[in-house]
Amino acid sequence: MFGKARAKGLAYSVGSYAGCGTHESAWDMSGQVNHDTAPQLFDIIARELKAVLDGKITDEEIEAAKSFMLGRHQMGGQTVSQTASFYTGRYFADEFIYDYEKVPDSIKKVSRDRIISTAREFFEANTWVLAAVSNGDREEIIDLGSRLTKLFSDE
C-alpha cells in the first residue's frame, strides 16, 4: 500500500502493525496524509484489503511481505531493550518464552491460505475503529470510514 500511495504522492507515510495479547489481536494501519489526497489513499487501502480478502495475492507480494517481516525481526533485536521486549511481551501473560531462533522459520512457513483466512477472521469479527487527528470536519472522517465499511461482513 505504501509504495502505491507514495508513488502517487498521496501520503507522507503509511504503515501497519499486527500483534496479539492475552485476550486480543490487532491489525492496525496508520498514515499521514493531506485532506485533499485522503480519499484517494483510502480507496487504495480499501482496494488492497479487498484483494487480500478475495484471495488475490501474488507470490511476489507474499515473498515481499515475508522479506519485510524477516528484516523487521532481525532489526528488532539490535538493542538490549528490543531483545527484552521480544522475550517479555508474552512471558508476563502466561510465562511462555518465544524462541528467537525459530521466528524466521515461522515467517517462511506462512502460506497464502493462512494470510487470507487470518485477514478474513479480522474482518468477520467486525470490530474496528477509524480514528483521525485532524482539523477537518466530522463529515470528512465519516466519508473516509465509509470507504472501509463495505469490507466488513455485517455492514
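Give, rounded to the nearest 20 debye, the magnitude of the charge dipole that the stretch 65-150 has about its Cα centre when Lys and Arg contribute +1 at Cβ and Asp and Glu contribute -1 at Cβ. Could you put the intermediate results ahead of the total?
Working: 12 positive and 12 negative charges, 84 e Å.
Here the size comes out at about 400 debye.
Could you tell me the distance between the Cα centroids of the stretch 63-80 and the stretch 17-48, to the nearest Å?
A separation of 20 Å, based on Cα centres.
Over all directions, average the projected area of the Cα convex hull of the stretch 2-149 and note it in nm².
Numbers: hull surface 41.8 nm².
That works out to 10.5 nm², a quarter of the Cα hull's surface.
With the chain treated as a Gaussian network of Cα nodes joined by springs under 10 Å, which of Asn34, Asn135, Asn126 yields the largest mean-square fluctuation?
Asn135
Over 30 Å between Cα atoms, which of Lys8/Lys109; Lys8/Lys50; Lys4/Lys102; Lys8/Lys102 qualify? Please list the in-between numbers first.
Working: Lys8/Lys109 33 Å; Lys8/Lys50 20 Å; Lys4/Lys102 32 Å; Lys8/Lys102 38 Å.
With Cα atoms farther than 30 Å apart: Lys8/Lys109; Lys4/Lys102; Lys8/Lys102.
Between Glu24 and Val129, what is the spin-label point distance in nm, taking each point 7 Å from the Cα along the Cα→C-beta axis?
Output for this residue pair reads 0.7 nm.
According to a simple spin-label model (label point 7 Å from Cα along Cα-to-Cβ), what is the distance in nm between Glu140 and Arg6?
About 2.5 nm, to one decimal.
Suppose every Lys and Arg Cβ carries +1 and every Asp and Glu Cβ carries -1, with no other charges. What dipole size does the chain come out with about its Cα centre, to the nearest 20 debye?
Details: 18 positive and 24 negative charges, 92 e Å.
Dipole magnitude for the chain comes out near 440 debye.
Peptides 42-53, 103-114: what's the order by average Cβ count within 10 Å, highest mean first? Please report the intermediate quantities before stating the final value.
Details: 42-53: 16.7, 103-114: 11.9.
Taking the mean over residues of other Cβ atoms within 10 Å, the ranking is 42-53, 103-114.
Put +1 on the Cβ of every Lys and Arg and -1 on every Asp and Glu Cβ in the stretch 1-105; which of Gly15, Gln74, Val52 then has its Cα farthest towards the positive end of the dipole?
Gly15
Sequence gap at least 6, Cα distance under 8 Å: using those rules, report the relative contact order of the chain to the nearest whole percent. Show your work: numbers first, answer last.
Values: 116 pairs, mean separation 32.9, N = 155.
After rounding, I find 21 percent.
Please report, in debye to the nearest 20, how large the charge dipole of the stretch 35-111 is about its Cα centre when each Lys and Arg carries +1 at its beta carbon and each Asp and Glu carries -1 there.
Numbers: 9 positive and 13 negative charges, 19 e Å.
Roughly 100 debye, rounded to the nearest 20.
No lab work stands behind these numbers, since they all come straight from the coordinates. Predicted, not measured: the structure shown is a model, and the values here were computed from it. Backbone-built Cβ (ideal geometry, glycine too); neighbour counts: all protein chains shown.
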